[in-house]
1. Exactly one of these conditions fails for B:Val98: (1) out of contact with any strand residue (DSSP E or B) (no Cβ under 7 Å at 6 or more places or on another chain); (2) touching a residue at least 60 places away in the same chain (Cβ under 8 Å); (3) not aromatic (Phe, Trp, Tyr). Give me its number.
2. Can you tell me how many residues in the range A:101-123 are in contact with a strand residue (DSSP E or B) (Cβ under 8 Å, 6 or more places away or on another chain), closer than 22 Å to A:Arg193 by Cα and crowded, with 18+ Cβ neighbours inside 10 Å?
3. How many residues are touching a residue at least 40 places away in the same chain (Cβ under 8 Å) and more than 24 Å from the chain's Cα centre (by Cα) when one looks only at the range B:313-343?
4. Give the residue that is nearest to the other protein chains (Cβ to nearest Cβ), with candidates limited to residues of the range A:143-169 that are surrounded by fewer than 24 Cβ atoms within 10 Å (Cβ to Cβ) and touching a Pro at 6+ places or on another chain (Cβ under 9 Å).
5. B:Leu445: at pLDDT below 95, within 9 Å of another protein chain (Cβ to nearest Cβ) and crowded, with 19+ Cβ neighbours inside 10 Å, yes or no?
6. Working only within the range B:462-490, note down all residues that are modelled with pLDDT of 95 or more and either farther than 27 Å from B:Ile14 by Cα or facing another protein chain (nearest Cβ under 8 Å) (or both).
7. Scan the range A:429-436 and tell me whether some residue there is surrounded by fewer than 24 Cβ atoms within 10 Å (Cβ to Cβ) and either within 11 Å of chain B (Cβ to nearest Cβ) or farther than 15 Å from B:Pro192 by Cβ (or both).
8. For the range B:121-146, give me each residue that is charged (D, E, K, R) and in a helix (DSSP H, G or I).
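The values are calculated or read from the model by the stated rules, or taken from the named source; none is laboratory data. Predicted, not measured: the structure shown is a model, and the values here were computed from it. Quick reminder, even Gly has a Cβ in these numbers, built from the backbone with ideal geometry, and neighbours come from all protein chains shown.
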2 protein chains.
Amino acid sequence: MPPLYQYDHSQLNIDSLLAETDRHGIEYTLDASARDAKANTKHSPAPPNETPLAVFLPRSTQETSIILRACNERRIAVTSFSGGTSFGGALTATKGGVCVSFERMQEIVALHEDDMDVVVQPGLGWVELNEQIQDLGVFFPIDPAPGAKIGGMIAMSCSGTNAYRYGTMKENVVSLTFVLASGRIIKTHNRPRKSSAGYDLTHLLIGSEGTLGLVTEAVLRLSPLPQNMHVGIAAFPSFQAGVAVVLQLQKTGHKLEALELADGPQMQATNVSGLAPRQRFEEVPTLFFKIAGPSGRVVRDQIQIMERLCREHGAASLEISRDDERMAVLWGARKCMGQALLAMKRRPDDLFLHSDCAVPISNLAALVEGTQRLIAEAAAANQGDWFCANVGHVGDGNVHSAIVCPVSDYAAAKTVLGDVARLALRLQGTVTGEHGVGIELRDALLEEVGGEGVEAMRAVKRAWDERGILNPDKVFALERGEEDTVASKL
Amino acid sequence: MPPLYQYDHSQLNIDSLLAETDRHGIEYTLDASARDAKANTKHSPAPPNETPLAVFLPRSTQETSIILRACNERRIAVTSFSGGTSFGGALTATKGGVCVSFERMQEIVALHEDDMDVVVQPGLGWVELNEQIQDLGVFFPIDPAPGAKIGGMIAMSCSGTNAYRYGTMKENVVSLTFVLASGRIIKTHNRPRKSSAGYDLTHLLIGSEGTLGLVTEAVLRLSPLPQNMHVGIAAFPSFQAGVAVVLQLQKTGHKLEALELADGPQMQATNVSGLAPRQRFEEVPTLFFKIAGPSGRVVRDQIQIMERLCREHGAASLEISRDDERMAVLWGARKCMGQALLAMKRRPDDLFLHSDCAVPISNLAALVEGTQRLIAEAAAANQGDWFCANVGHVGDGNVHSAIVCPVSDYAAAKTVLGDVARLALRLQGTVTGEHGVGIELRDALLEEVGGEGVEAMRAVKRAWDERGILNPDKVFALERGEEDTVASKL
């Protein structure tokens, strides 16, 4: 059987595409470094030659539609780009083709203060959005990497340290306008806070990693800016003790602003890195938390509860501060943790790999212990000089386990991260809590949802993108059998 | 072109189906009243003869899979049934065929107290679920009609008075196990609180009204039972004044337990019905609310704020009570409102019709005023003796506008409800906030999401249910052109 999907990326065909988009006055660049930058990011380096042949810079939904229709007619693959902070190869132009970059679409289209929603274009960053609306006392609470843009945040279904309190992208996008491979434009809803009108196409797009449609406008739900902010930090004798505080807390009905738990090695990395100046931390499991609320009384209640719970679970130290400078030091230590791990490299070319599993919170300590053991065993087997650290969005049961190891141990490190993902699945979890699948977690996704689950996703992909032009090879292989033999046809 | 979908509901084919399911020991009934009860409910009466030919009573995911595979092979249409409280004809067996009823699957499969989630079968009611878990201090917060079961609640993406505080089904289902038309079994995830692993099949099923797959197991998120409960009621000079309180409230960051707003005629109906004994209400716009919180201090804060906001917006009266009996009287008045409208019938055969639109909250008063005007105009044009009342889940911008009118004005009443839906769309809303589309709102859905939107949904349907056996004709017509002429192919 011939392959379902065939592309024509010949110069002739690309020239024909550019001639057509030129007729509509649509901007593009052929500059080599611009093209390379779209597929080959710091977080997700592309293999050589897997870069787009042209980068389109649409200014509207309509221009995006014209580009996609023209690409679809010509069987030209399309990747899309907004902030470029995703992991796992989600942006790699595996088939070549062209890129649609949303850097000319960074506007707030409409702000509805009374309804606490905002209509934005996909190239707008969450940081920039929040800068523009903070004077109104509201914010968009999803906090991935600072460079992330709304379009990519929707594509990857991201979250961050605020998700425990405010939910992920899935809970904070009201509706979407997106363009299908055919160029057809879909608006999922207007701006109602809830709807039961037909299939939930909004959520189908969120997390589809640019494979089903390109989002050109989004209605986002805003939240009141937290008030009476406090930051707390508590050191525990074990990771489990920190988890137990969180389990108890959630039964009280109190909801803090954020809950993050780092293990001893992660605290060591923070110390070694020097990225948290004026502070040396105990190198033991440490809970970072934020408390805020609409009144001082609410906050005092929560402080009392956290003081009691930390004491009951054997915290060796506890500090809760409302001083701006002190809060910046303490929370800054949490925010620098990804970067801090780079300080644990022994050699400049050492690798830094990490996981993104999420499990039911009661299984989080088992996941971290199991991960530490798996990595220690793998390091020993490789006579390796490996470093392992864990930091979790503990309120969501989501943990990033990091490995720093010699470049020669790449294969072994990847293998052990696969074992970690399998452990998360045995512990009733998911292989990716917030980073998405990209290329690297395709096999893990197959283990999570099974051949039937992947084939059901693939059927949706085929239904909406018959020629497979949108971000091919991401989330799952385009054709069954490329990646799995266990799946059977629906 | 021949129709894509053809069914064979001949006696021979049905007998062959029953012979196959018999071999697997799967229970069914051919009893006429049992069959009729599955398609012809109080809320959604079916035309004569649109009832299933047999009702299957599976006891497991595996049995459900066997039934669907056998039906699919034989081109037999399948409706599904759990509580039967849906509106709009969602349960009607328009093609005949068979029904799968989940009355033998009412179990709690697993309860995870620490993780605050529960695994349930689709035939379990939310009321029964909450009775079984209340001693643990937790509950499942979605509160549609008391007879609703989890399977139907997922199918219809329902909500209720708690949605403002806790979200809808979309925010409270962790993952699903469902069976495709082919019999293939999909488990969307395990039990992580969040996941970015692949397309969001969980949300694709929620609100798909039994047309994409039959849910056989669901993981639900639980919440701590509200503590320190108070119920409040405030009378306002205008509907807009009540809405304004809610708009102000949400900017403070305080979140009450529930916020419901009724107009004067709705309060009149409550008085006339006698369903709220020991209480006669002012027949003016009235805000009902619940306040609760993990500590008395939190609750006192919220009481103070509501007292201030109600005063500032001209409330003629305000009562906030923590007395159990008094709370039951006040909230009971809210809960009886649907039933109370029946008291406004002048003749036994008078019709009671209603809408389910949701708009951005700032547009809610405009929707209610416009609805009152549209209905008054239609009543005058029909020299009719119509009654119109509105009650809204104001925290979500969702309002049920009711018409009570002579049976002879059926067509005129349906027309005006169509106009109300169109008004909601102009006000940036949706035609159904929580009841779903069924058959009756198919045209309205088309106006909401356009031909492209419906065709995108239809493409998913075709991809997963090639022969169109699952709840045909619901949400949209199976074949384009049956309902719309504006849609063009994707």
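1. So B:Val98 meets the others, but not (1).
2. 7
3. Matching residues across the range B:313-343 total 13.
4. A:Gly167
5. no
6. Within the range B:462-490, B:Arg462, B:Ala463, B:Trp464, B:Val475, B:Phe476 meet the criteria.
7. Within the range A:429-436, not a single residue is surrounded by fewer than 24 Cβ atoms within 10 Å (Cβ to Cβ) and either within 11 Å of chain B (Cβ to nearest Cβ) or farther than 15 Å from B:Pro192 by Cβ (or both).
8. B:Glu128, B:Glu131, B:Asp135, listed by residue number.
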